[in-house]
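Notes to accompany the following structure.
The values are calculated or read from the model by the stated rules, or taken from the named source; none is laboratory data. Everything numeric here is computed off the predicted structure, so don't read it as measured data. Quick reminder, even Gly has a Cβ in these numbers, built from the backbone with ideal geometry, and neighbours come from all protein chains shown. The protein model used for the area step is the full one, side chains on, heavy atoms only, and it has no ligands, DNA or RNA in it. Shrake-Rupley method; radii C 1.70, N 1.55, O 1.52, S 1.80 Å.
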Amino acid sequence: MLNFLFNSNDRKIKKLQKMVKNINSLEEKFITLTDEELKDRFKSVNISNKEEIFAIVKEVIRRTLDISLYDVQLMGGLVLSEGKIAEMKTGEGKTLTAIAPVVYQALRGKVHVITVNDYLANRDAETTTIVYDFLGLSVGIVTSNTQDKKEQYNKNIIYVTNTELAFDYLRDNLALNLNDQVLENKFDFAIIDEIDSILIDEARSPIIISGQSNRNNSETYKNLNELVSLMKPGKETKNDKGQVVDYVDGHFLLDLKSKSAHLTDTGVNFIEEKLNIDNMYSEGENAFIVHSITQSIIANYCYKKGVDYIVKDDNVLIIDENTGRISEGRRYGDGLHQAIEVKEGLEPKPENQSIATITYQNLFTRYKMKAGMTGTAKTEALEFLEVYNLDVVNIPTHKPIQRIDHKDVIFFTEEDKTKAIINKIKEIHATKQPILIGTT
């Protein structure tokens with residue numbers, strides 16, 4: 001299957017090259033037009049004439065930004081206009097590549113250009129707005145600092161972060177009045193920058209809007225934390241490859257990868273004896289005890305200070321595992337945050353409960369058409385095709401690439417991988433060469 005995907009790429013590139021040749025021929029005719037004549041030509045263009053629209057946009061970019069699009073950027077834009085993924089190497093100019101397909105789709109409906117952070121949303125919008133203004137298309141920017149979101153979403157083209165889009169969608173669904181909705185359920189076309197990060201790496205991460213629960217279980221978590229301190233985890237038995245094959249019985253068993261835990265029979269008997277209850281799995285208040293003690297175990301053994309969270313000004317602040325940055329205002333749900341606060345010797349704040357949630361995978365299925373850009377999509381080509389029905393086209397570089405892309409190195413265990421990374425960091429650091437270390 002992979003061989004088929006790679007072999008078919010050459011055929012797609014040849015087809016794109018023919019279209020680019022036509023676009024360049026058309027642009028030569030537009031160079032002699034005045035600004036007003038070019039604007040009139042755009043207003044009268046048939047919206048199905050993709051090559052002419054691309055040729056007009058190319059000429060507008062030349063006039064407004066003093067940049068002439070490379071053939072490979074036009075190829076990438078054509079791929080995006082078809083609702084596919086353009087894989088383009090870093091530095092090939094994906095921001096400019098997106099302009100023509102954005103214009104092409106804006107003639108049909110609302111266009112959302114999705115970026116992964118506020119800086120990119122602002123930068124890309126500010127760079128490209130002069131082009132859209134020339135063509136009479138309005139541009140909105142939605143970031144964490146945007147005040148009037150309804151006004152911004154009402155524009156033809158909206159540059160928005162994936163996080164804000166998801167929360168705005170959830171808030172719209174919680175709105176009691178249609179006038180309070182900002183998106184107005186318009187999901188026509190999306191171009192997603194770093195699409196593998198959003199639709200693969202973070203695809204199943206739930207976006208949650210929480211509200212305070214009526215329950216105050218501060219004392220319960222304090223008492224259960226003391227109980228957990230008396231309990232011991234089951235010990236792992238590993239084979240010669242470092243793989244876990246069995247456990248020596250303890251009060252509970254951990255799955256550090258999924259950050260989960262469950263009690264053993266020894267643990268159940270221990271808790272029932274200490275709390276003087278006959279059956280902790282009976283309905284009623286005991287069900288809450290099972291849940292809360294499991295969360296206390298997870299807080300103490302699966303979540304590490306300085307890795308998963310930090311403590312600042314008597315607050316537990318979550319570290320985003322995908323970016324390494326602090327997630328301001330976020331709290332773990334279902335009592336986990338309270339359990340971590342007690343673990344750190346803090347007074348637990350009132351517990352939150354989820355009132356609305358969605359994953360990026362489900363959010364982006366709402367679009368009539370979507371496309372994406374990234375420097376690394378071929379490795380996930382099968383997943384994009386099977387899950388999202390998105391085809392990946394590898395766009396050649398404008399000039400022959402000089403960087404050496406080494407093959408992946410595979411390890412039996414995460415411990416071996418971590419040691420290898422640390423040794424490589426030491427080796428490169430000793431030469432005083434800059435090094436970028438990626439998060440998950």
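How about region 156-194: which GluC sites (Glu not before Pro) there are in a DSSP loop, with at most 16 other Cβ atoms within 10 Å of their Cβ?
Numbers: sites: GLU164, GLU184, GLU194; in loops: GLU184, GLU194.
Those satisfying the criteria are GLU184.
Over the chain, what is the percentage of antiparallel beta bridges among all DSSP beta bridges, to the nearest 5?
45 percent
In angstroms, what radius of gyration and Dmax does region 23-65 have, counting Cα atoms only?
For region 23-65, the Cα radius of gyration and maximum Cα-Cα distance read 9.3, 26 Å.
What number of lysine-lysine pairs in region 278-397 show an alpha-carbon separation below 20 angstrom, given a sequence spacing of 8 or more or placement on distinct chains? Could you put the intermediate results ahead of the total?
Details: LYS304/LYS312; LYS304/LYS343; LYS304/LYS349; LYS305/LYS343; LYS305/LYS349; LYS312/LYS343; LYS312/LYS349; LYS370/LYS378.
Summing the qualifying lysine pairs gives 8.
Where the convex hull is taken over the Cα atoms of region 85-164, what is its projected area averaged over directions, in nm²?
Values: hull surface 21.7 nm².
Result: a mean projected hull area of 5.4 nm².
Give me the net charge of LEU183's neighbourhood, meaning all other residues with Cβ under 13 Å from the Cβ of LEU183; Lys, Arg count +1, Asp, Glu -1. All intermediate terms of the calculation are to be shown ahead of the outcome.
On the way: positive: LYS110, LYS149, LYS150, LYS155, ARG171, LYS186, ARG366; negative: GLU151, GLU164, ASP168, ASP172, ASP180, GLU184, ASP188.
For residues surrounding LEU183, the net value is 0.
Just going by the charge dipole of region 1-143, with Lys and Arg at +1 and Asp and Glu at -1 on Cβ, which of GLY83, PRO101, LEU33 is farthest out on the positive end?
The listed residue farthest towards the positive side: GLY83.
Using only protein heavy atoms and a 1.4 Å probe, report how much of THR64 is accessible, in Å² to the nearest 10.
40 Å²
Are there GluC sites (Glu not before Pro) in region 272-334 that DSSP puts in a loop and that have at most 10 other Cβ atoms within 10 Å, and which ones? Could you put the intermediate results ahead of the total?
Numbers: sites: GLU272, GLU273, GLU283, GLU285, GLU321, GLU328; in loops: GLU283, GLU321, GLU328.
Qualifying residues, ordered by number: GLU283, GLU328.
Quick one: grab the alpha carbon gyration tensor of region 103-210, order the square roots of its eigenvalues as a ≥ b ≥ c, and give me rounded if a/c is under 1.5, else prolate or oblate depending on whether a/b is larger than b/c. Walk me through the intermediate numbers first.
Working: a/c = 1.71, a/b = 1.22, b/c = 1.41.
The shape class here is oblate.
Given C-alpha coordinates of region 125-176, what is the ratio Rg to Rh with the Kirkwood estimate of Rh? Intermediate results must be reported in sequence, preceding the final value.
Working: Rg = 12.2 Å, Rh = 11.8 Å.
Reported Rg/Rh (Cα atoms, Kirkwood Rh): 1.03.
Keeping the other protein chains in place, figure out the carbon and sulfur percent of the accessible area of the chain, with a 1.4 Å probe.
Details: 11790 of 24420 Å².
That fraction is 48 percent.
For region 1-148, report the convex hull volume of the alpha-carbon atoms normalised per residue, in Å³, without decimals. Spell out each step's value before the answer.
Working: hull volume 19.4 nm³, N = 148.
So the per-residue hull volume is 131 Å³.
I'd like the trypsin sites (Lys or Arg not before Pro) in region 66-167 restricted to DSSP loop residues with at most 14 other Cβ atoms within 10 Å, sorted by number. Provide the component values of the computation, followed by the final result.
On the way: sites: LYS84, LYS89, LYS94, ARG108, LYS110, ARG123, LYS149, LYS150, LYS155; in loops: LYS84, LYS89, ARG108, LYS110, LYS155.
Here the trypsin sites (Lys or Arg not before Pro) that fit, given the DSSP loop and packing criteria, are ARG108.
Suppose all protein chains stay in the model; what accessible area per residue would a 1.4 Å probe give for the chain, in Å²?
Numbers: 24420 Å² over 440 residues.
Spelled out: the 1.4 Å probe surface of the chain, per residue, equals 55 Å².
Which values of log₁₀ I(q)/I(0), to two decimal places, follow from the Debye formula for the chain at q = 0.06, 0.09 Å⁻¹ with a uniform point scatterer at every Cα?
Result of the Debye calculation: -0.36, -0.75.
Gap in Å between the Cα centre of region 82-117 and the Cα centre of region 335-408?
Using only Cα atoms, the two centres lie 18 Å from each other.
Is the shape of region 285-440 rounded, prolate or oblate, going by the alpha carbon gyration tensor and its root eigenvalues a ≥ b ≥ c, with a/c under 1.5 for rounded and a/b larger than b/c for prolate? All intermediate terms of the calculation are to be shown ahead of the outcome.
Details: a/c = 2.45, a/b = 1.44, b/c = 1.70.
It is oblate, given that a/c is not under 1.5 and a/b is not larger than b/c.
Using just the helices of the chain, give the 222 nm mean residue ellipticity in deg cm²/dmol: DSSP H runs with n ≥ 4 each add -39,500 (n - 2.57), and the total is spread over all residues, rounded to 500. Could the numbers behind the result be given before it?
Details: 16 runs with 189 residues, N = 440.
Dividing the helical sum by the residues of the chain leaves -13500 deg cm²/dmol.
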